[in-house]
Amino acid sequence: MLSHAVQRNNAAVQLLQNCRYSDASVTLQVALTDLQLSFRATSLEEDSTVMCMKEGLLTKSPASGIQLPVQAAPIQLKGNTTGDSCLELFARAFCLSPFESRERIVSSVLLYNCGLASHCSGVLRGNSKNLMNAMRLYKYACRILLEVVDDDDTSSTELLRLALFNNISHVCFQLCHLADAQLYVKCLRDEMGLSDDEPLGAALPTVTDDDYDFFCFNVTIRVESMGAPAA
């Protein structure tokens, strides 16, 4: 079942790349169902992904026959997903290796991608319900990543953690939750090893210079001085 979840995730990335956000969300929901079944099969304790299913944030949907792309890195999405915000959305979805076997890594990527689908749809349509759903999904992914303690796992999820903190900040700004946006910008700064006294960041070997510069630009913005986004 875990391999099915990975395959569906990578299929959803192709849909996201083509701005088919609703179809991607359906595919990712099925993948999360696969993952829930995988947890039960391996007798793991109930974790954040299962809780997410039970709270009705995700629903079971029939699988669709989609050919799987072969990708091993984040993919730049198409379309205008910046929205009316001083913060820029990190509009990239994450693929998984076909050989990925770490349940918590798969969980966090699926939740992030599903959140991204809701986030992009919410920005493009001005739908606050989609934005709220995106924020909840992102926070579940963060919760799972905090449970990852292995050094190799932590290193391999650096870019995902940055993306989560950045996009939670973005969606909080869109919802006029400026205090929360400020908090997650601080989390982003801390993750990058930035501080007011020491502007040089920590070494993040799995994050490219271009991606690092993207996040650096966003954390230079003082969220508390922003106005609310235009209606």
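The values are calculated or read from the model by the stated rules, or taken from the named source; none is laboratory data. All figures in this text were calculated on a predicted structure; none of them were measured in a lab. FYI the Cβ positions are ideal-geometry reconstructions off the backbone, even for glycines, and counts take in every protein chain you see.
Return yes when Leu146 is of a type in the set (A, V, I, L, M) and free of Cβ contacts under 8 Å to residues at least 40 places away in the same chain and no when it is not.
Working: of a type in the set (A, V, I, L, M): yes; free of Cβ contacts under 8 Å to residues at least 40 places away in the same chain: yes.
It is true that Leu146 is of a type in the set (A, V, I, L, M) and free of Cβ contacts under 8 Å to residues at least 40 places away in the same chain.
Quick check on region 15-28: of everything there that is out of contact with any Leu (no Cβ under 6 Å at 6 or more places or on another chain) and without any contact (Cβ under 8 Å) to a residue 60 or more places away in the chain, which residue is surrounded by the fewest Cβ atoms within 10 Å (Cβ to Cβ)?
Selected residue: Arg20.
Looking at region 181-209, I want the residues that are modelled with pLDDT of 75 or more and in a loop (DSSP other than H, G, I, E, B) and have a partner that is surrounded by fewer than 19 Cβ atoms within 10 Å (Cβ to Cβ) and of a type in the set (A, V, I, L, M, F, W, C) with Cβ atoms under 7 Å, at least 6 apart or on another chain. Which pairs are those?
Gly193/Ala202
Going through region 158-186 one residue at a time, which ones are among the polar types (S, T, N, Q) and surrounded by fewer than 23 Cβ atoms within 10 Å (Cβ to Cβ)? Show your work before the answer.
Here is the first cut: in region 158-186, the residues among the polar types (S, T, N, Q) are 166-167, 169, 174, 182.
Residue satisfying the conditions is Gln182 alone.
Among the helices (runs of 4 or more DSSP H) confined wholly to region 44-153, which include 3 or more residues that are touching a Leu at 6+ places or on another chain (Cβ under 9 Å) and at pLDDT below 85?
Answer list for region 44-153: 48-54.
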